[in-house]
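Undergrad: Next up is a structure, given as structure tokens.
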Amino acid sequence: MRNRTIASLVAVVSAAVAVTTMTTAPASAYNPDPRVIQNDSARTVYCPCRFDDAIDGTYFQKDDGGVGRKVVFGNQSGYALAKVEFHPYDEVLWMYDVANDNDGLYYKVSYEGDGGRYGLYMPPGSSDIWDVKKVNLDIPEGRSVTITVYDDRGMTDHVSTIKATA
């Protein structure tokens, strides 16, 4: 009887831990905020061009009126945590979360015209080593694009502002 009681107690505690782990919100925001450890841009009329980084590199295709941007964010020691890229060709946003630390960055993308249209994006949070999300933004050619980076979904903890051109 004693062994059955102990086994039942262990099962209940294990279940409680599993439920708590699965329903726990992401960890609190980075403190201090991540800093920019790499920032590359290219007038894509002169591309194709490639920029190396510690994650997987970036390749911009030719787009006559565009300016592509890639920014890598890291901790205070320079270790990469996240990367965001804006590719003018097809107006694609790539977001990477490369630190499996239960935290991530949020990217508010807006562009001039159309009444200040924007969207808030982030890579999926998973147990994978890297999380990547690609979003086709379908922004009209030549528009100025602003990517505002936040450390929280509520967009109150500003990290950086990035400019590009579709």
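The values are calculated or read from the model by the stated rules, or taken from the named source; none is laboratory data. Everything numeric here is computed off the predicted structure, so don't read it as measured data. No Cβ is skipped: glycine too gets one built from the backbone with ideal geometry, and neighbour counts run over all protein chains shown. Please note that ligands, DNA and RNA were not included when accessible areas were found on the heavy atoms of the full protein model with its side chains. Shrake-Rupley method; radii C 1.70, N 1.55, O 1.52, S 1.80 Å.
Undergrad: Find the residue count for the stretch 110-166, including only residues that are surrounded by 15 or more Cβ atoms within 10 Å (Cβ to Cβ), among the charged types (D, E, K, R) and touching a residue at least 60 places away in the same chain (Cβ under 8 Å).
TA: Final tally of qualifying residues: 3.
Undergrad: Let me ask something additional. State which residue is farthest from the chain's Cα centre (by Cα) when the search covers only the stretch 47-79 and only residues that are of a type in the set (A, V, I, L, M) and modelled with pLDDT of 95 or more.
TA: Restricting to residues being of a type in the set (A, V, I, L, M) and modelled with pLDDT of 95 or more, the top hit is V67.
Undergrad: Moving to a separate point now. Would you mind telling me which numbered condition in (1) open to solvent by less than 50 Å² (accessible area, probe 1.4 Å); (2) polar (S, T, N, Q); (3) closer than 21 Å to M155 by Cα N102 fails?
TA: The number of the failed condition is (1).
Undergrad: Hey, which of the strands (runs of 3 or more DSSP E) in the stretch 80-162, taking only ones fully inside, have at least 1 residues that are hydrophobic (A, V, I, L, M, F, W, C) and closer than 19 Å to Q38 by Cβ?
TA: Fully inside the stretch 80-162 and qualifying: 80-87, 92-97, 131-136, 144-150.
Undergrad: If you check every pair at least six apart or on different chains, which have Cβ atoms under 6 Å apart with a residue in the stretch 63-79 that is free of Cβ contacts under 8 Å to residues at least 60 places away in the same chain first and a residue that is of a type in the set (D, E) and crowded, with 22+ Cβ neighbours inside 10 Å second?
TA: Sorted first by the residue in the stretch 63-79, then by its partner, the pairs are K70/E85.
Undergrad: Determine the pairs where a residue that is closer than 22 Å to D131 by Cα, located within the stretch 28-57, has a partner that is β-branched (V, I, T) and surrounded by 14 or more Cβ atoms within 10 Å (Cβ to Cβ) with Cβ atoms under 6 Å apart, the partner being 6 or more residues away or on another chain.
TA: Partner pairs satisfying both residue conditions: D33/V159; V36/V71; I37/V72; Q38/V72; N39/V71; F51/T58; D53/V72; I55/V98.
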